[in-house]
Amino acid sequence: MKIFYVSALCSENVLDFLFKSSSVKPGSAPQKFNRLLVEGLSLCEIESAIETLSEIPIPSRSNKKIFWNIPAENEGRIRYNYVPMINFRILKSILIFVNSFFKLSYLILTSKKKNKIIICDIINVPLSVTVFLASKLLKIRTIAIVTDLPSIDFAKKQKIYKRLSNLIIHKFDAYVLLTEQMNQQVNLRNKPFLIMEGLVDISMKDSKVILKDRSLERIILYAGGLSELNGLNKLIDAFVLVKGENFRLHIYGAGEMEKDMQYYMNIDNRILYFGSLPNKVIVERELEATILVNPRPTHEEFTKYSFPSKNMEYMVSGTPIITTALPGMPQDYYKYVYLFNDETVCGMANTLRIVLSKSDVELYSQGKRAKEYVLDNKNNIVQAKRVLDLCSVL
């Protein structure tokens, strides 16, 4: 079997360069999800290397470099192929579509393997349109990775992207979805599918949280989008109500609330904002924290169709997590996490007090159980094998 994986995915080297040279940093969640799945596939027993076709994940006007043409590179059994582009907003999308169509067609036609499948991240519109057209022309089966619904993910100013996505999303041969609720929205023709709420890096089995290395400070860590939609404002207000000189709230990420961070640090000097850092650095900080938090409100419609990859990353760190009971999170997870059952500011503050009052040994035990659960059941090799099983029925 020959797999062509199409998304805005790049190697670690390219991602590091983009992070250092760009004013707007590449989103870490889609990068991590796709890379873990590609790496998992490359570690399975398939005959040939995985070919990726990637848009360079850089927002328009966030880098001084205008023309991008990165040569292909190999990492283990993965070959990264990049689509040349000019980084101007409208021209960029058109060139990505044209260049990716010819590049993907060339990769498919020059492959000697008879059994070929394209796996595509549906949210990347120029690439997903490319996959749709190339697959129909060359009669190649396709699997759509759906991590967000186009009707929710794209803003009003992206009406064309939303319409294109809604037009083709139902035309793939199979689906990898984050939640059961997604299947009702996407898979209208009852095609083969699997639910894969997330995946974790199998190499994290070697990472360890060591109690004696813990700081005397009790650190609550939030990493993600800085927005009220993600519940960050409520988390901060709740933390302010929790008294304790050795408590700290560490915040990482970027977003609309970034401008408010200095204000919050001024009203409570226990709050510290560290900006947007590479994911590998965030993971290191998660290992050092006392508690990891995800305060995303459960009443928002989009939570039915999402499972935050951050929860998976939190759990595999071995540091205990407090999260809201998101509708897209199976109840199997509940015994491995602490829950914000009351999502009011006072209710969240009370949950923080209860969890922070627990001993290091009890917190360590809870984090260890969560880590073992996701490593045993949700690691990227296990999940990649499920995707290969899906490929086999097409």
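Per residue, the average separation of C-alpha pairs within less than 8 Å and at least 6 apart gives the stretch 4-158 a relative contact order of 22 percent. Across the stretch 258-269, computed HN-Hα scalar couplings (Karplus, 6.51 cos²θ - 1.76 cosθ + 1.60, θ = phi - 60°) run 4, 5, 8, 4, 5, 4, 5, 5, 6, 7, 8, 6 Hz from first to last residue, x flagging Gly and Pro. Applying a threshold of 18 Å to the alpha-carbon distances of K20/K103; K205/K280; K25/K234; K32/K208; K25/K378; K32/K335 flags K20/K103; K25/K234; K32/K208; K25/K378; K32/K335 as lying beyond it.
The dipole here belongs to the chain: it is taken about the Cα centre, uses +1 on the Cβ of Lys and Arg and -1 on the Cβ of Asp and Glu, and is about 1360 debye. Rounded to 0.05, the FRET efficiency of the R163 and E362 pair, given R0 = 56 Å and the Cβ-Cβ distance, is 0.65. Comparing F247, M261, T130 along the charge dipole axis of the chain, the residue lying farthest to the positive side is T130, per the Cβ-charge model.
The residue among S317, L352, F307 whose Cα reaches farthest toward the positive pole of the charge dipole of the stretch 299-378, with charges on the beta-carbon of Lys, Arg, Asp and Glu, is S317. For the options L104, L188, L221, a Gaussian network treatment of the chain with springs between C-alpha atoms closer than 10 Å singles out L188 as fluctuating the most.
Here the accessible area is traced with a 1.4 Å probe on the protein chains. For the chain, carbon and sulfur cover 54 percent of it. Using R0 = 30 Å, the C-beta based FRET efficiency linking E47 and L287 works out to 0.20. In terms of its alpha-carbon gyration tensor, the stretch 169-225 comes out prolate; a/c meets the 1.5 threshold, and the first ratio a/b outweighs b/c.
When the convex hull of its Cα atoms is viewed from all sides, the stretch 87-130 shows a mean projected area of 3.4 nm².
Relative protection proxy for 17-25, 290-298, 74-82, from highest mean packing down: 290-298, 74-82, 17-25 (other beta-carbon atoms within 10 angstrom).
Of all beta bridges that DSSP places with both ends in the chain, some 10 percent have antiparallel geometry. The sum of -39500 (n - 2.57) across all DSSP H runs of n ≥ 4, divided by the residue count of the chain, sets its helix-only mean residue ellipticity at 222 nm to -12500 deg cm²/dmol. Rounded to the nearest Å, what's the spacing between the alpha carbon centres of the stretch 1-78 and the stretch 275-297? Just the number, please. If we compute the Cα centre of each part, the gap is 22 Å. For the stretch 1-93, the antiparallel share of DSSP beta bridges with both residues in that region comes to about 35%.
In this Cβ point-charge picture (+1 for Lys and Arg, -1 for Asp and Glu), the stretch 187-315 has a dipole of about 340 debye about its Cα centre. The coefficient of translational diffusion for the stretch 1-144, derived via Stokes-Einstein from the alpha carbon Kirkwood radius under 25 °C and 0.890 mPa s, stands at 160 µm²/s.
Summarised as an ellipsoid, the stretch 254-301 has semi-axes of 19, 18, 13 Å, derived from the eigenvalues of the Cα gyration tensor scaled by 5 and square-rooted, with the largest first.
Every pair of different Cα atoms in the chain enters the Kirkwood calculation, which places the hydrodynamic radius at 21.9 Å. Label the stretch 279-394 by shape, choosing from rounded, prolate and oblate, from the square roots a ≥ b ≥ c of the eigenvalues of the Cα gyration tensor; if a/c is under 1.5 it is rounded, and otherwise prolate applies when a/b is larger than b/c, oblate when it is not. Cα axes put the stretch 279-394 in the oblate bin. Rolling a 1.4 Å probe across the protein heavy atoms gives the chain an accessible surface of 45 Å² per residue. Straight-distance candidates among the aspartates and glutamates for linking to K113, with alpha-carbon spacing under 13 Å and chain neighbours fewer than 8 residues away dropped: E47, E51.
Across the chain, C-alpha contacts under 8 Å between residues 6 or more apart give a mean separation that, scaled by the residue count, equals a relative contact order of 16 percent. Shape analysis of the stretch 204-306 places it in the oblate category; the axes a ≥ b ≥ c from the Cα gyration tensor give an a/c of at least 1.5, with a/b not above b/c.
The values are calculated or read from the model by the stated rules, or taken from the named source; none is laboratory data. Fair warning: this is a prediction, and the values are worked out from it, not measured in the lab. Neighbour counts run over all protein chains shown; Cβ positions are idealised from the backbone, glycine included. When the accessible area is computed, the model is the full protein with side chains, heavy atoms only, and any ligands, DNA or RNA have been set aside. Shrake-Rupley method; radii C 1.70, N 1.55, O 1.52, S 1.80 Å.
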